[in-house]
Amino acid sequence: MSAAPPILAYQSLTDEQAELGRGAQALLTARRDDERAGADVGWFGIGIPEEMGGSGGTLGDLAVVLEAAGWATAATAVSLTAGLTAPLLAAADPPVRDVLAPLSAGQLAVAVPTADPAHVGADADRGQLSGTVQAIGGDVDALAVAFGHDGRSGVALVPADHASVRRSPLVALDPSRPLSAWQLDGVALASVTIAFVDGLVERWRAHLSLVSALDAMGAARAALARTIAYARDREQFGQPIGSFQAYKHRAATALVELKLGQALAFRAADDLAHGDTTTALAAGLTATRSALDVCGTAVQLHGAIGFTWEAGLHRYLKRARTAQLLADRPATARQLLARTAAPPATRRPA
Amino acid sequence: VTHVADGAVTDAFRSEVADWFAAHNPVGWRDAVRAMSTEEWLDFNRTWLRTLNTRGYGAPHVPREWGGGGYSLHQQVTILSEWARVDAPGTDLFEISLFHVPGTLLAAGTDEQRQRYVRQGIDGVIWCQGFSEPGAGSDLASLRTRAVADGDGWRVHGQKIWSSHADHARYCLLLARTNPDASRHHGITYFICDLDQPGVEVRPITQTTGLQGFCEIFFDGAHVGPDGVIGGVDDGWAVAQSTLETERGVLGLDVVERMGHHLHRTVQALASRDEEHRSGELTADEAALARLLARHHAVRALCGHAVDRLEQGDHSGGLASLMKVSFSELLQELADWETTRRGEAALVQRPPMHFCGYVTDEPALDWLHSWGWTIAGGANEIQRNIIGERLLGLPRQPRPR
């Protein structure tokens, strides 16, 4: 198989980030089905300040790892633990430092509901969490749930071994990301770790959008790399099939989508680190869609072999679909419109 | 004028640019232009360019010693953004004068050519481009217009087409074949041709919009002096390639900024109008608008990424084709949606407007004009060939024998 064209990778990384990305690709490929892959090397704490018990680094650094997770179609819980739960806990008032340290150390892998945060934990005003929650994450330590209580919004970490919790695995459309159902039978808020966060729902949507976009773009990058290699090697009518214009144009369109999504997702990581949710929400809506297009094109451009389980292209397609379903939804669209109509007081210079 | 030495975009720089455009934008110009004669419209454009040039905004990318603003790429993006924010008129009439003339002459021209033409073009002398021919569009290298040696100069015979604003232009950047025996890409020379002479006839072509934006140029023995050759004789193809790269990339940044501000204004209007829907289901309009807005963020991020790469000295190119395909197709989608939203009102055409900018208050005109962007500067199909072959390294299409 020929080397992937350099254009496929995001080109504005620092040398350290590029190195981190290569390391992440290697480790996550070797431990593809391990939900705790990356926990022992500090990745679960990237982006959390060291004084809060984290590993330091920026959201931009974490973005590199999250994109690699999609590239490797890895089961690691790093995306939803470090990319979603940790920044919410760090933004809490007061911050929940005693949880951030074990989380960063990889001792607290988290599952996250697949539903929009506005629809989960709605009856928490009685001081209890009840109902069945479908979540991404299998063999993890806790479920992060959004709830409203006393007019404030917060996130609760419900331990998997809590007496009022029953967890059961679900068969997932996407075999690369474990899915589970958590039955909460009146889990008292007082019995679990909770953190109140200003603007929780918008932050949640923005971070979920960002991690989904990065994950999807990673899968898309891998899918397109495989397609280009195939297009160069596979011959029909005495020519490499990549020389035919109908084929080439579909591949070119896929590259346009890949580069659009990549530029937006990495830009969104930067913006979100500065408190601006706009581009992250946009990435959730459109980068996940771009990735889905690229992964679909990859299946199509492989012909019948692309339709087989063995070829493995379905992993990218399903991975991108998961990401798209988590982020490309009406709640994200409404949030983006609301944020655009009322931009934050201080914006970063464009 | 505050010139930040390192080309950084500071808050002070941005607000200075914003204040200037807010103060100098000829408010109401779109309606005013509708009532103008062609002469008045030309005057309006020249005056606006002169106003812009007091701050170097007419050619912000050109060094100050040549009459431009000498701004960094990031600053240029800021200028375009603030320009679009107040919906001030564009400088399309001078596109070749402001972009291609300095781009070509500063890179490949003689000292004499630079002294004579660059500043003059930025001051408002109109140029056009004579590249395409009836038989040479996407396959530009098959061009047949000839320049035959005559004394120490040249005589040009042939026909050019799709030359924007040639009917108002004094000079033409012209590609002509000087060596019929050389291979396709060799034997072409890049000339400066004075259009104000016998042997040149310009005929405007009416576009889909009903406006006259581009022209045919007929050359029947028009003269070019020895000082009218840019680069070497028979070496014009390489010079032209760099010019085309400019056309694909940077020119799109203006459209991207205009689309962005247009989308923001639309969101604001919808937010104030649809207050009662805020907590209910997403309307079809809101869903489509959110998607276009998100798409625009992606295109803008890609352009920002390309600008960053250029500022860091990466001139390997390629990103220009990605930008061109994505912004032009987004414009087509946006204009289609806006036109559909107007419903039956879009069936009525207002008095035609001399062209001064994109993403107007006239969606149907924008929609029609959007094909100008997906075709001009190398049709998007050609861009996809470039993307496939140069960026993805796919094998070249077998050549027909």
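Every test in (1) closer than 17 Å to residue A:72 by Cα; (2) of a type in the set (Asp, Glu); (3) touching a Leu at 6+ places or on another chain (Cβ under 9 Å) is passed by residue A:310 save one, and that test is (3). Going through region B:200-224 one residue at a time, which ones are under 25 Å from residue B:103 (Cα atoms) and at pLDDT below 95? Those that are under 25 Å from residue B:103 (Cα atoms) and at pLDDT below 95: B:213, B:214.
Scanning region B:296-307 for residues that are surrounded by 24 or more Cβ atoms within 10 Å (Cβ to Cβ), more than 14 Å from residue B:261 (Cα to Cα) and within 7 Å of chain A (Cβ to nearest Cβ) turns up B:298, B:301, B:302.
Let me spell it out: the conditions are (1) crowded, with 17+ Cβ neighbours inside 10 Å; (2) more than 30 Å from residue B:349 (Cβ to Cβ); (3) of a type in the set (A, V, I, L, M), and residue B:23 meets all of them except one. Which number is the exception? Among (1) crowded, with 17+ Cβ neighbours inside 10 Å; (2) more than 30 Å from residue B:349 (Cβ to Cβ); (3) of a type in the set (A, V, I, L, M), residue B:23 violates only (1). For region A:279-296, check the following and say yes or no: at least one residue is more than 25 Å from residue A:79 (Cβ to Cβ) and of a type in the set (A, V, I, L, M, F, W, C). No, every residue in region A:279-296 fails to be more than 25 Å from residue A:79 (Cβ to Cβ) and of a type in the set (A, V, I, L, M, F, W, C).
Under the condition of being charged (D, E, K, R) and at pLDDT 95 or above, the residues counted in region A:35-70 number 4. Any residue at all in region A:225-242 that is facing chain B (nearest Cβ under 9 Å), among the charged types (D, E, K, R), surrounded by fewer than 24 Cβ atoms within 10 Å (Cβ to Cβ) and in contact (Cβ under 8 Å) with a residue 60 or more places away in the chain? Within region A:225-242, one or more residues are facing chain B (nearest Cβ under 9 Å), among the charged types (D, E, K, R), surrounded by fewer than 24 Cβ atoms within 10 Å (Cβ to Cβ) and in contact (Cβ under 8 Å) with a residue 60 or more places away in the chain. Looking at A:195, A:222, just one residue is in a helix (DSSP H, G or I) and either of a type in the set (Gly, Ala, Ser) or over 14 Å from the mean Cα position of the chain (by Cα) (or both), and that residue is A:222. Restricting attention to region B:68-94, the residues that are part of a helix (DSSP H, G or I) and touching a Leu at 6+ places or on another chain (Cβ under 7 Å) total 4. In region B:1-67, counting only helices (runs of 4 or more DSSP H) that sit wholly within it, the ones holding 2 or more residues that are more than 14 Å from every other protein chain (Cβ to nearest Cβ) and within 24 Å of residue B:102 (Cα to Cα) span B:38-53. For region B:308-333, the set of residues classified as outside any helix (DSSP H, G or I) and within 12 Å of chain A (Cβ to nearest Cβ) consists of B:312, B:314, B:316, B:317, B:318, listed by residue number.
Checked against (1) of a type in the set (Gly, Ala, Ser); (2) free of Cβ contacts under 8 Å to residues at least 40 places away in the same chain; (3) under 30 Å from residue A:55 (Cα atoms), residue A:138 meets all criteria but (2).
Going residue by residue through region B:61-78, is there one that turns out to be charged (D, E, K, R) and free of Cβ contacts under 8 Å to residues at least 40 places away in the same chain?
Taking every residue of region B:61-78 in turn, at least one turns out to be charged (D, E, K, R) and free of Cβ contacts under 8 Å to residues at least 40 places away in the same chain.
For residue B:30, the criteria (1) among the basic types (Lys, Arg); (2) touching a helix residue (DSSP H, G or I) at 6+ places or on another chain (Cβ under 8 Å); (3) at pLDDT below 90 hold in every case but one, which is (2). Of the conditions (1) modelled with pLDDT of 95 or more; (2) more than 30 Å from residue B:153 (Cα to Cα), residue B:313 clears all except one; give me its number. Looking at each condition in turn, residue B:313 falls short on (1).
A quick yes/no check of all residues on (1) crowded, with 18+ Cβ neighbours inside 10 Å; (2) among the aliphatic types (A, V, I, L, M); (3) at positive phi:
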| residue | (1), (2), (3) |
| --- | --- |
| A:3 | no, yes, no |
| A:17 | yes, no, no |
| A:20 | yes, yes, no |
| A:23 | no, no, no |
| A:34 | no, no, no |
| A:38 | yes, no, yes |
| A:42 | no, no, yes |
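Of everything listed in (1) at pLDDT 95 or above; (2) outside any loop (DSSP other than H, G, I, E, B); (3) touching a Ser or Thr at 6+ places or on another chain (Cβ under 7 Å); (4) not aromatic (Phe, Trp, Tyr), the single unmet condition for residue B:112 is (3). When region B:40-64 is limited to residues that are aromatic (Phe, Trp, Tyr) and more than 17 Å from the chain's Cα centre (by Cα), the one that is surrounded by the most Cβ atoms within 10 Å (Cβ to Cβ) turns out to be B:48.
Being under 19 Å from the mean Cα position of the chain (by Cα), among the hydrophobic types (A, V, I, L, M, F, W, C) and surrounded by fewer than 17 Cβ atoms within 10 Å (Cβ to Cβ): is that true of residue B:80 here? Quick ask: steps written out before the conclusion?
On the way: under 19 Å from the mean Cα position of the chain (by Cα): yes; among the hydrophobic types (A, V, I, L, M, F, W, C): yes; surrounded by fewer than 17 Cβ atoms within 10 Å (Cβ to Cβ): no.
In short, no.
Considering the conditions (1) farther than 28 Å from residue B:300 by Cβ; (2) within 14 Å of chain A (Cβ to nearest Cβ), residue B:147 is excluded by exactly one of them, (2). Can you say whether residue B:197 is at pLDDT 95 or above, in contact with a strand residue (DSSP E or B) (Cβ under 7 Å, 6 or more places away or on another chain) and polar (S, T, N, Q), as far as the supplied structure shows? For residue B:197, the condition - at pLDDT 95 or above, in contact with a strand residue (DSSP E or B) (Cβ under 7 Å, 6 or more places away or on another chain) and polar (S, T, N, Q) - is met. Determine if region A:272-286 includes at least one residue that is within 18 Å of residue A:221 (Cα to Cα) and free of Cβ contacts under 8 Å to residues at least 24 places away in the same chain. No, there is no match, as no residue in region A:272-286 is within 18 Å of residue A:221 (Cα to Cα) and free of Cβ contacts under 8 Å to residues at least 24 places away in the same chain. Here residue B:336 fulfils each of the conditions (1) in contact (Cβ under 8 Å) with a residue 24 or more places away in the chain; (2) within 12 Å of chain A (Cβ to nearest Cβ); (3) under 20 Å from residue B:262 (Cα atoms) apart from (2). Can we say residue B:342 is more than 29 Å from residue A:284 (Cβ to Cβ), at pLDDT 90 or above and part of a helix (DSSP H, G or I)? Criteria met by residue B:342.
Sort out for me the strands (runs of 3 or more DSSP E) sitting completely within region B:143-202 that have 1 or more residues that are loosely packed, with under 14 Cβ neighbours inside 10 Å.
Hits in region B:143-202: B:146-150.
One residue stands out in region B:363-398 among those that are among the small types (Gly, Ala, Ser), part of a helix (DSSP H, G or I) and without any contact (Cβ under 8 Å) to a residue 60 or more places away in the chain: the one that is nearest to the other protein chains (Cβ to nearest Cβ), namely B:388. Test residue A:90 against the criterion of being closer than 30 Å to residue B:390 by Cβ and among the small types (Gly, Ala, Ser), and give yes or no. No.
Annotation for region B:166-187: no member residue is on the phi < 0 side of the Ramachandran plot, small (Gly, Ala, Ser), touching a strand residue (DSSP E or B) at 6+ places or on another chain (Cβ under 7 Å) and modelled with pLDDT under 95.
The values are calculated or read from the model by the stated rules, or taken from the named source; none is laboratory data. Because the structure is a prediction, the values reported are computed rather than measured. Here the Cβ is made from the backbone with ideal geometry for all residues, glycine too, and neighbour counts use every protein chain on show.
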